[in-house]
Each structure stands twice: as structure tokens, then as C-alpha cells.
Amino acid sequence: MMIKQLIIKIGLVLLVVSSCVPAAMAFSLDSVRVDARAGYSLGGTTPLGFPATIRRLNSFCPCLSGMLGVTASLPVAPRWWVHTGLRLERYAMNADARLKNYEIEVTRGGETLEGIFLGDVRVKVCQTQLTLPVQAGLSLGTKWQLRAGPYVSIVMGRSFSGWAHDGYMRADEPTGARVELGSEPGERGDYEFDDRMRRFQWGLDVGADYRLSERWGAFAELTYGVNGVFKSDFSTVPMRLHPLYATLGVTYQLK
């Protein structure tokens with residue numbers, strides 16, 4: 001409910017600001033600012049709140065994640081801006097978690113195994129995407145600017161894979177036959193769900209820019225994928241997983 005309210009509020013702000021665009025374009029096209037952006041991202045693909053089936057996080061590695069992009073900024077009213085552009089983003093992580101009573105489907109030795117698992121699971125996620133943000137910006141003096149808005153992404157490269165290890169599975173039901181899963185290839189249960197990931201994703205960005213000099217600046221940004229990484233008809237992973245990343249970076253004014 002809070003997320004829906006936030007989306008509605010941001011949408012109303014964008015509507016009000018964008019209503020000024022037709023009147024502003026006649027005299028402000030020459031004042032459009034173009035910035036190049038580069039940043040390093042830290043975060044992961046995660047559920048909102050850990051369900052009871054995830055007992056602990058054994059390890060986490062953010063891997064190489066970041067973004068490169070160009071932003072066009074249009075002043076539409078005193079202190080107000082509209083930002084858009086294109087970003088090339090890569091979000092990746094490796095994690096290992098302890099699970100209990102978790103429904104899972106894996107393969108081992110060419111055989112598909114499905115049932116209730118207790119043990120550890122390694123997860124490797126990577127997405128490369130082209131993103132179009134649309135944001136409202138509010139200038140606070142000459143140095144700071146706050147911005148927020150939605151984005152849409154086309155996922156060009158996607159990977160979600162891993163293996164279940166160091167545990168056992170009850171086939172089909174909690175009292176089914178016990179199947180041991182080890183830690184070595186051939187003993188563990190592997191999975192790969194690349195083709196079940198979405199090609200189109202959307203979400204929300206909030207961030208802040210700080211002007212360091214006439215052309216150089218710095219920014220911080222938080223990105224949240226609202227519709228999750230998997231298609232709506234995919235039920236093998238029972239929880240909805242959302243990309244949640246914070247990015248720190250620099251900007252350079254091109255125009």
C-alpha cells in the first residue's frame with residue numbers, strides 16, 4: 001500500500017511539472033542541460049522482507065554492478081526540472097542462504113528433482129538492461145537537486161542460476177523420500193531460470209545531485225524494481241524478487 005501511494009504521489013508531481021512543458025519549451029530549449037553519468041552500484045535481487053523459509057544469509061557478493069548514461073534536463077518552472085535520458089545498467093550479485101521447508105526444483109545427473117528442501121542454496125543473478133527514466137527534479141539552492149520518478153527497462157542480458165547443496169530434499173511432500181544433496185558437481189542440485197525472467201521491467205528512482213564545479217558533479221541514487229525479475233506465471237520461485245540497488249557516481253556536463 002505504501003508503494004502504491006508513493007507511485008501515485010510521484011505521478012501527480014510529474015503531471016504538474018510536465019504541464020508546464022509546452023509553455024516552457026518556447027523559451028527554454030536553449031537551456032536544456034545534457035550530462036554524462038557513470039556510477040558504481042551496490043545491492044541485490046531480493047524479496048521485500050525475508051520469508052520464514054529463508055533462515056539466514058551465509059554470504060553475499062555484489063559483483064561488478066554499475067551504470068553509464070546520458071541525461072537531458074529541461075527547466076520548466078522556477079526550481080523545477082524534468083529529467084530523462086538513457087542508461088546502460090548492469091546489476092549482478094552472488095549469494096548463499098540457508099533454507100528450511102523451501103519448495104524447490106533442481107536437476108542432478110539429468111534428473112529433475114522437485115520437493116521440500118532443507119539446506120543451503122547458491123544464487124547467481126545478473127541483468128544487463130537499457131533504462132529510460134523520467135524524473136521530476138527540485139533545485140535546493142545552486143548546489144543540490146533532488147529528483148524522483150519512474151523508469152522502464154528493456155533487459156538485454158539476463159541470468160538467474162545456482163545450486164542447492166549441503167542438505168536434503170523430501171520429494172514431492174514433507175514426508176516424501178529423502179534425497180541427499182552434496183556440495184560437489186554431480187552431488188548438488190542445479191537450477192537455471194534465465195528464460196523465466198522478464199524482458200520488460202519498471203520501477204522507481206529517487207536520488208540527489210550535487211554540483212562540485214561548473215561541469216563536474218556527484219550523485220547518489222536508489223533504484224527499486226516494482227514488478228520483479230520473474231514473469232507473473234512463474235511459480236517455481238514462490239516469492240517475488242525485486243532489484244534493489246544504490247548507486248554512487250559522478251556527472252560531467254556536456255552542454
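Structure data summary
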quantity	calculated
Among the residues listed as Ser161, Ser65, Ser73, the single one being farther than 21 Å from Tyr224 by Cα, in contact (Cβ under 8 Å) with a residue 24 or more places away in the chain, among the polar types (S, T, N, Q) and surrounded by 20 or more Cβ atoms within 10 Å (Cβ to Cβ)	Ser73
Tally, over region 139-169, of residues that are within 21 Å of Ala92 (Cβ to Cβ) and of a type in the set (S, T, N, Q)	3
Complete set of residues in region 216-250 that are β-branched (Val, Ile, Thr), buried (at least 20 other Cβ atoms within 10 Å of the Cβ) and touching a residue at least 60 places away in the same chain (Cβ under 8 Å)	Thr223, Val229, Thr247
Wholly enclosed strands (runs of 3 or more DSSP E) of region 137-239 bearing at least 2 residues within 13 Å of the chain's Cα centre (by Cα)	144-171, 200-211, 216-225
Residue within region 227-240 that is modelled with pLDDT of 95 or more and β-branched (Val, Ile, Thr) present	no
Odd one out for Arg55 among (1) of a type in the set (D, E, K, R); (2) under 19 Å from Ala208 (Cβ atoms); (3) in contact with a Leu (Cβ under 8 Å, 6 or more places away or on another chain)	(2)
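Condition check ((1) assigned to a helix (DSSP H, G or I); (2) at pLDDT below 80) across all residues:
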position	(1), (2)
Ala24	yes, yes
Phe27	yes, yes
Gly39	no, no
Phe50	no, yes
Leu57	no, no
Phe60	no, no
Leu64	no, no
Ser73	no, no
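The values are calculated or read from the model by the stated rules, or taken from the named source; none is laboratory data. Here the structure is a predicted model, which is why all the values come from computation and not from measurement. Using ideal geometry, Cβ is built from the backbone for each residue, glycine included, and neighbour counts are taken over all protein chains shown.
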